[in-house]
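*Asks:* The structure is given below, and queries will be raised subsequently.
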Amino acid sequence: MEDTPKSPGGSIRRSPRRLDGERFVRGAVRYLDDEVPPNCLHLAVVRSTVAHARILGLDAFVATSVPGVRAILTGAEAATTIKDLIALPSGVVPGLEGPVTVSCLAVDRVRYFGEPLAVIVADTERTAQRAAELVEVSYEPLPPLLELNEALSADAPPLHPQLRTNLLMGGVVAEGDVETALAQAPHETSGCVHMGRGNAVPLEPRGCIAEWDDGEGRLLVRAAVQTPHRLRADLARLLDLAENDIRVVAPPLGGGFGFKFVGTPEEPLVCLMALKLRRPVRWVESREESLLIGAREYHARYRVSFDDSGRMTGLAVDLDANVGALAATPGIGMPSVAASCFPGGYDITDYSVNWRVVLTNKGPWNGARGYGKEIATLVLEAAADDIARALDLDPVDVRRRNLLHSDQLPHPTAMMTIDSGDYHRVLDRALEIADYSGVRERQSQEQTRPRRTGIGIAFELAPEGRDPAGNVSRGSETATVRLDTSGHATVLTGVTSPGTGSETAIAQLVAERLGIAVEDVRVVQGDTDRTPYGGGSFSSRAVLAGGTAAWKAADKLRHTLVQAAALHLGCPENMVAVGDGTYHISGSPGQFVAVPVLAGEMRRFGSARPGLNAEVLEATETYMPGNLQAVPDSAGRVQQYPTYSYGVYVAEVDVDIETGCVVVERLSAVHDCGTVINPRMVDAQVNGAIAMGIGVALYEEEIYTPQGQPLSTDFKRYMLPRLAEMPNITLEHIETPSPFTLLGTKGAGESGIGGTIAAIVGAVRDAIGGHRETALITPMTPARILTQIDAAVPAGTGTTQHTSEQPA
């Protein structure tokens, strides 16, 4: 634990205007595609039109004859000029020697519809796309393996030559003796949950513009990426360059959500062609290309035992993830995170989660907001609702009897040490603002109507601030704070913002420590030449790690400024107070020195003035949260998450039982992310997560034909919630500072998706009533809801459910 969590002082619980908000409102922000360099060429990708086949030949003669085409690169040619992407480092899969790799362009076999086969560079985007359409590829079709049971069957061929089977990896997360707990309990129920394949769906898709600078002898890369420093390191390895031969700049992003990580093939291919042609090369992804990538296709089976009061005594979960084709993107890490999230915030001592990651011929997974935690929440909350139905209890009572109490925290589980919280207080407040008792009263009066009200409740635990030691980066961050003689500060930080406004919170922390206005702080991000090495944007680290590093650097600089102010004012250092742009004698605001004057004196005199030890108006600090364990302990356990935000989500829905249509009327939530720096920013994060949760629960799904062709190729076919589908949202926060972080902060960027999904699913099940023997499937489309209604069994017919294994 931190010795004494410090308060960031006057910077907390304030919501100043976003630093760059006006630029966004005026449309002055320059996204990637707003700055295309002169003389730029355009790249298009030739993609597979089948899901599984051997490549017999690729004929580009007609394509290269198109006027304006400058170059073509096939898989065979790329194999000699660019290194393979590393999908899995050495030692991740038992029995393998060396890393598991995938090529940037397919050479002899395609494994999913849309896999890159070649790239064409031309004078215009339309010319490049037209030429790509003219490339003729000959295939020997192979049977596609799309579902888990197909890929895992004994006679299924391995889809990747370096692997013996299509079971990529797996493991068990367990504590206690779950089989004994299940056998000895008076009650047991079981269920099956399928979460449909989705997509992170950022507003701006991915893109990359690369050019070789002959004057500097360097490659300049502008990319819509969350992790610019990691991209630079990957490009250096792939292209056989030194890292300092490459500069990566990440312009403002139109959303990230885990989708703009490294490991995709297009960025290195763009860079390779820029090096070959010595001209700028641009590639921007189409929406159809963006929707080729997937996330979140889980099949989970669970058994839960409980006593007469509804207390859970044992939980066994089998969790399978259909991650599609093997890729170097970090999406395949989500199932292991999902498994480590059990048993959430519930006090269960005997449990096991058997998780498996399976390769198929669907599109590969990339990262997606929630990063596996959402399926854990859905399974746990479905099990809690099953217990309530089996014992004829209110679902609230089941939560109340199983949630951990404040005095049990910090609380260790098999893979987590949950830091702090007041789960019962949050539960009570969420019920109050949702008018839970009032909704129940209305329900009792309207169940004969074809439109029925349902209310669902979900507790969500969201580990935040991940330290993926040995993978993407460490969990630490470094920041440099510089003060100039105008009294303004510049923060250089390795974290990036995918459009969330985290730079404003970082500026708040620095402004408070230096005693200047927030608008006098400039935050520089996303430029590998200007900023310290950092992990970028993932796992809600921007303020948790990056902001705290900046606070520490500003605090270090503040000590120097206080020393200089004491000399200027002729008083002891402990008499110097800071604020409102001045350093003044405490109790005597008329005796002060303004920050610009103080900075000017320090720059002119520095340590030449007796009693002052500093020469520079700059400080650099690194921060790593506590509660992390990268080296496995004696039981093989690691601890990758330092903080655990949580919340209770209550959904009120209206279900038409004749059509299966759902309207989410109201969503109420109480959330705790520890010390809140900027309430408006946290509200925006949770509200955005609620919108995404609604989409996953009711609308969003990537659908394939039996031949493996994706059908969800645009927003007419991949359904997102629109403004009309958004409910009234009531959101409140409480604060239980984390004892493991310097400022008591926790992450706030991934909370809300799982809780919203589970609350809506629970509300729909509540509205249609009864037990059922079909699997619970999201998204809960009208057709699936009607299937659930048809399968309803009157309550009280037994406490053991036998559920279907296949989606409806």
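*Asks:* Keeping to the range 14-46, report how many residues are in contact with a helix residue (DSSP H, G or I) (Cβ under 6 Å, 6 or more places away or on another chain) and either of a type in the set (Phe, Trp, Tyr) or modelled with pLDDT under 85 (or both).
*Replies:* 0
*Asks:* A further question on this structure: For the range 566-603, what are the residues that are open to solvent by 70 Å² or more (accessible area, probe 1.4 Å) and in contact with a Ser or Thr (Cβ under 9 Å, 6 or more places away or on another chain)?
*Replies:* Scanning the range 566-603 gives ASN574, MET575, PRO589, PHE592, VAL597, ARG603.
*Asks:* Return yes or no: is ALA236 outside any strand (DSSP E or B), under 25 Å from GLY68 (Cα atoms) and open to solvent by less than 30 Å² (accessible area, probe 1.4 Å)?
*Replies:* no
*Asks:* Sticking with this structure for a sec: For the range 123-143, what are the residues that are in contact with a His (Cβ under 6 Å, 6 or more places away or on another chain) and open to solvent by less than 40 Å² (accessible area, probe 1.4 Å)?
*Replies:* Matches in the range 123-143: ALA128, LEU142.
*Asks:* For GLU216, only one of the following conditions fails: (1) over 19 Å from GLY263 (Cβ atoms); (2) touching a Leu at 6+ places or on another chain (Cβ under 8 Å). What is its number?
*Replies:* It is condition (2) that GLU216 fails.
*Asks:* May I pose another question? Considering the range 723-739 alone, what residues qualify as being over 22 Å from THR500 (Cβ atoms) and either open to solvent by less than 20 Å² (accessible area, probe 1.4 Å) or touching a strand residue (DSSP E or B) at 6+ places or on another chain (Cβ under 6 Å) (or both)?
*Replies:* PRO727, ASN728, THR736, listed by residue number.
*Asks:* Taking the range 503-520, which residues are open to solvent by less than 10 Å² (accessible area, probe 1.4 Å) and outside any helix (DSSP H, G or I)?
*Replies:* Correct list: GLY515 only.
*Asks:* Filter the range 684-722 down to the residues that are among the hydrophobic types (A, V, I, L, M, F, W, C) and either surrounded by fewer than 24 Cβ atoms within 10 Å (Cβ to Cβ) or part of a loop (DSSP other than H, G, I, E, B) (or both) and list them by number.
*Replies:* Within the range 684-722, ALA684, ALA691, ILE703, LEU711, PHE715, MET719, LEU720 qualify.
*Asks:* While we're on this one: Please pick out the residue among ALA274, ALA295 that is over 19 Å from the mean Cα position of the chain (by Cα) and buried (at least 21 other Cβ atoms within 10 Å of the Cβ).
*Replies:* Of the residues listed, the single one that is over 19 Å from the mean Cα position of the chain (by Cα) and buried (at least 21 other Cβ atoms within 10 Å of the Cβ) is ALA274.
*Asks:* Which of the following residues is touching a Leu at 6+ places or on another chain (Cβ under 6 Å) and either open to solvent by less than 10 Å² (accessible area, probe 1.4 Å) or more than 26 Å from HIS187 (Cβ to Cβ) (or both): VAL426, VAL358, VAL398, VAL379?
*Replies:* Exactly one residue qualifies, and that residue is VAL358.
*Asks:* For the range 465-479, state whether one or more residues are under 29 Å from ARG222 (Cβ atoms), assigned to a strand (DSSP E or B) and open to solvent by 10 Å² or more (accessible area, probe 1.4 Å).
*Replies:* yes
*Asks:* Quick check, is GLU267 among the acidic types (Asp, Glu), open to solvent by less than 20 Å² (accessible area, probe 1.4 Å), at pLDDT 95 or above and over 21 Å from ARG301 (Cβ atoms)?
*Replies:* yes
*Asks:* Could you grab the pairs with beta carbons closer than 9 Å, sequence gap of 6+ or different chains, first residue in the range 148-166 and aliphatic (A, V, I, L, M), second one open to solvent by 40 Å² or more (accessible area, probe 1.4 Å) and part of a helix (DSSP H, G or I)?
*Replies:* Going by the 9 Å Cβ cut-off, the qualifying pairs are ALA156/GLU150.
The values are calculated or read from the model by the stated rules, or taken from the named source; none is laboratory data. This one's a predicted model, so the numbers in the text were calculated from it and none came from an experiment. Note: ideal-geometry Cβ built from the backbone for every residue, glycine included; neighbour counts use all protein chains shown. Note: areas computed on protein heavy atoms with side chains; ligands, DNA, RNA excluded. Shrake-Rupley method; radii C 1.70, N 1.55, O 1.52, S 1.80 Å.
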